[in-house]
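Participant: My questions will all concern the structure given below.
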Amino acid sequence: PRVAILISGGGSNMVTLVKAMHMGAIAATPVLVLSNNPEAGGLAKARDLGVETAVVDHRPFKGDRAAFDAAMLAVLQKAQPDIICCAGFMRILTAEFIDHWAGKMLNIHPSLLPKYKGLNTHQRAIDAGDKVAGVSVHVVTSELDGGPVLGQAEVEVRESDTAEDLGARVLVQEHILYPQVLANFVKRDD
Ligand code: GRF
């Protein structure tokens, strides 16, 4: 299967997915890295890995989500992906866009869903006094961070943790979990 990866920033999760596909650890091919942010650091990393990149800057679309998503869809359709992986992608997609991919779009979210949907997940876990935090990979549905969870990884929360400390510990697990989940997901050719 052909995999497109959506990023907005550094793309460290994208890098681990691309490397795993290039190594054959995931039986799939990375066909496009697409960012809404022209300055995303992940774009250069993707190019260094020999993966096609594209940018659909969301800013000119202002609040018109449908128009932005239509532009994204047009670019994606040229790459003809079978699966879309959101990896540090920070835009909320319309239900129409999501429905187009019908269960073939994944996302990684830095919390143990269903806890802490949305943003600032690490600070919220710390503020709640949680002893365990973590990361989830889920199927994207029109409910923000709400789709079926395909895999999770836990990390301990330490007394001294700042949100940055916890985020760094979770990121390590993200880089292990996402390739594992995608490898299993591509095998399930249902
Ligand atoms: C990560 O913390 C991830 O949980 C979230 O976006 C952050 C940046 O990821 N999805 P990346 O380095 O851009 O892959």
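Participant: Please state which one of LEU171, LEU144, LEU177, LEU113 is closer than 21 Å to HIS58 by Cα and not charged (D, E, K, R).
Facilitator: Among LEU171, LEU144, LEU177, LEU113, only LEU144 is closer than 21 Å to HIS58 by Cα and not charged (D, E, K, R).
Participant: Determine whether segment 64-84 contains at least one residue that is within 16 Å of the ligand (Cβ to nearest atom) and not charged (D, E, K, R).
Facilitator: Yes.
Participant: Moving on. Take segment 14-37 and flag every residue that is open to solvent by 10 Å² or more (accessible area, probe 1.4 Å), within 12 Å of the ligand (Cβ to nearest atom) and outside any loop (DSSP other than H, G, I, E, B).
Facilitator: Matches in segment 14-37: VAL15, THR16.
Participant: Quickly run through segment 103-123 and pick out the residues that are within 14 Å of the ligand (Cβ to nearest atom) and out of contact with any helix residue (DSSP H, G or I) (no Cβ under 9 Å at 6 or more places or on another chain).
Facilitator: Selection gives ASN107, LEU113, LYS117, LEU119.
Participant: Since ALA153 meets every condition but one in (1) in contact with a Gly (Cβ under 6 Å, 6 or more places away or on another chain); (2) touching a residue at least 40 places away in the same chain (Cβ under 8 Å); (3) surrounded by fewer than 21 Cβ atoms within 10 Å (Cβ to Cβ), which condition does it not meet?
Facilitator: (2)
Participant: Could you please find all residues in segment 38-61 being open to solvent by 20 Å² or more (accessible area, probe 1.4 Å), outside any loop (DSSP other than H, G, I, E, B) and not hydrophobic (A, V, I, L, M, F, W, C)?
Facilitator: GLY41, LYS45, ARG47, ASP48, THR53, ARG59, PRO60
Participant: Restricting the search to segment 85-102, which residues are within 12 Å of the ligand (Cβ to nearest atom), under 23 Å from ARG188 (Cβ atoms) and either touching a helix residue (DSSP H, G or I) at 6+ places or on another chain (Cβ under 9 Å) or not aromatic (Phe, Trp, Tyr) (or both)?
Facilitator: Within segment 85-102, CYS85, CYS86, ALA87 qualify.
Participant: Only one of ALA125, ALA168, ALA183, ALA87 is open to solvent by 20 Å² or more (accessible area, probe 1.4 Å), among the hydrophobic types (A, V, I, L, M, F, W, C) and modelled with pLDDT of 95 or more. Can you tell me which?
Facilitator: ALA168
Participant: Would you confirm whether any residue within segment 3-13 is part of a strand (DSSP E or B) and of a type in the set (S, T, N, Q)?
Facilitator: no
The values are calculated or read from the model by the stated rules, or taken from the named source; none is laboratory data. On a predicted model such as this, the values are computed, not experimentally measured, just so you know. Glycine also receives a Cβ, built like all others from the backbone with ideal geometry; neighbour counts cover every protein chain displayed. For the accessible areas, the whole protein counts, side chains as well, though only heavy atoms, and no ligand, DNA or RNA atoms are used. Shrake-Rupley method; radii C 1.70, N 1.55, O 1.52, S 1.80 Å.
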